[in-house]
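The values are calculated or read from the model by the stated rules, or taken from the named source; none is laboratory data. Nothing here was measured: the structure is a model prediction, and the numbers come from that model. Glycine gets a Cβ as well: all are built from the backbone with ideal geometry, and neighbour counts include every protein chain shown.
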Amino acid sequence: MFGVLLGARALKPDGTLDDLLAWLPKRHASFEQLGGSQLLLEVDKDDLIKSRLETVLADIRTLLRDARVGYKGLGQSGREAHLEIRDPAQVDAAKKALRIFTDPVAGDNPVKEMLLDEPEPGLLRFTLTDEGVKLRTSMALAQSLEVVERRVSDGIGVEPILKPQGSDRLLVQVPGLQTPARLTDILGQPGNLTFQMIDTTMPVQDALNGPPPAGSSVLYSQDDPPVPYLVENRVIVSGDDIVNAQATYNSAMNEPVVSFAFDSKGKTRFAQATSQNVGRPFAIILDDRVLSAPIIREPILGGTGQISGNFTKESAQDIALLLRSGPMPAKLKIVDVRTIAPGGVQN
């Protein structure tokens, strides 16, 4: 501490004692003095497991396709991903191709994330271990810190104080903020934006009355009442491919919109998809809700665009904020919300 004070004095030789002490961490004292809003967030393990297994299923498809191994019945339930190898002679080849899931995750203390068993000949079952779930949870929490900080700093204009609580919880304190509603709004949303094609092979009403086509799902708009859409599960581009987003106003439509720009990868993929699907509608989806479903009139090659959807000025600003800050690596549940009066009195 003495060395820090000497360094500060050297940089500001005419400074007062208060100037020198200002170099020391005072964030916690500031929150206690000013009061503010405090949220306790928790990684949603059920959502984390579901998302992880969806990624595993996608990887299995790719790995077995590359290895030229036939399979059927690929699916997930609980903590398990399962599939059946069609040709018994290819079971060993399948296990070799999928060994990546059972190899220990590298680190100081390697963790076996998944276990493989074969309850019946040719039936492969991958199960997430407790240690694997704990590892993914702690990774998601660490990755969430940057997203939370960006959302609060950008959306509220105050630098938050972030305190991890164990491996699955995060305490967020915002000095001076006495109305936490805005804070809960911007931190309670995962912010997963995707662009996906509308499935036009079946009327959406038929998909509601019976099972939808393989590879498609029924999603609803954010309207009141919500409008159903039959959407292909395949993602064309996602919010990860967006480098900037701003709430703007479209005078032609007389409504607020969200303008965005893709990175080079997103620009290429979106240009290819729109070139191949002129005349078809596609869906812009945020957290499983369809924001809009425009028809592709011509190839979109410039890497920029607008999202409309009966937005208010505030909702357009919120969506732009979510896109700029990026999606949460896992859904965060709000466990507790408090306002702290100046001096540390809780409300």
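What the table below lists for this structure:
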{"read-out": "Some residue of the stretch 131-139 being of a type outside the set (Phe, Trp, Tyr), surrounded by fewer than 17 Cβ atoms within 10 Å (Cβ to Cβ) and within 22 Å of Ser325 (Cβ to Cβ)", "value": "yes"}
{"read-out": "Helices (runs of 4 or more DSSP H) contained in the stretch 1-107 and holding at least 1 residues modelled with pLDDT under 95", "value": "2-11, 17-21, 27-34, 45-66"}
{"read-out": "Residues (assigned to a strand (DSSP E or B) and either of a type in the set (Val, Ile, Thr) or more than 22 Å from the chain's Cα centre (by Cα) (or both)) located in the stretch 169-202", "value": "Val172, Val174, Pro175, Thr194, Ile198"}
{"read-out": "Residue tally, condition without any contact (Cβ under 8 Å) to a residue 12 or more places away in the chain and outside any helix (DSSP H, G or I), over the stretch 292-347", "value": "2"}
{"read-out": "Residue count for the stretch 110-121, restricted to those that are part of a loop (DSSP other than H, G, I, E, B) and under 26 Å from Lys50 (Cβ atoms)", "value": "3"}
{"read-out": "Residues of the stretch 160-185 satisfying the condition of being surrounded by fewer than 19 Cβ atoms within 10 Å (Cβ to Cβ), aliphatic (A, V, I, L, M) and touching a residue at least 60 places away in the same chain (Cβ under 8 Å)", "value": "Ile161, Leu171"}
{"read-out": "Count - residues of the stretch 51-72 that are free of Cβ contacts under 8 Å to residues at least 12 places away in the same chain and within 24 Å of Gly132 (Cα to Cα)", "value": "3"}
{"read-out": "Residue list for the stretch 80-132, restricted to those being among the small types (Gly, Ala, Ser) and either touching a helix residue (DSSP H, G or I) at 6+ places or on another chain (Cβ under 8 Å) or in contact (Cβ under 8 Å) with a residue 60 or more places away in the chain (or both)", "value": "Ala81, Ala94, Ala97, Gly122"}
{"read-out": "Where Gly191 falls short, out of the listed (1) buried (at least 21 other Cβ atoms within 10 Å of the Cβ); (2) small (Gly, Ala, Ser); (3) in contact with a strand residue (DSSP E or B) (Cβ under 6 Å, 6 or more places away or on another chain)", "value": "(3)"}
{"read-out": "Residues of the stretch 155-209 classified as in contact with a Ser or Thr (Cβ under 7 Å, 6 or more places away or on another chain) and hydrophobic (A, V, I, L, M, F, W, C), total", "value": "5"}
{"read-out": "Failed item, numbered, when Pro119 is tested on (1) within 27 Å of the chain's Cα centre (by Cα); (2) assigned by TED's automatic domain parsing to the domain that holds Ser77", "value": "(1)"}
{"read-out": "Set Gly157, Gly215: member being of a type outside the set (S, T, N, Q), on the phi > 0 side of the Ramachandran plot, without any contact (Cβ under 8 Å) to a residue 40 or more places away in the chain and not assigned by TED's automatic domain parsing to the domain that holds Asn310", "value": "Gly157"}
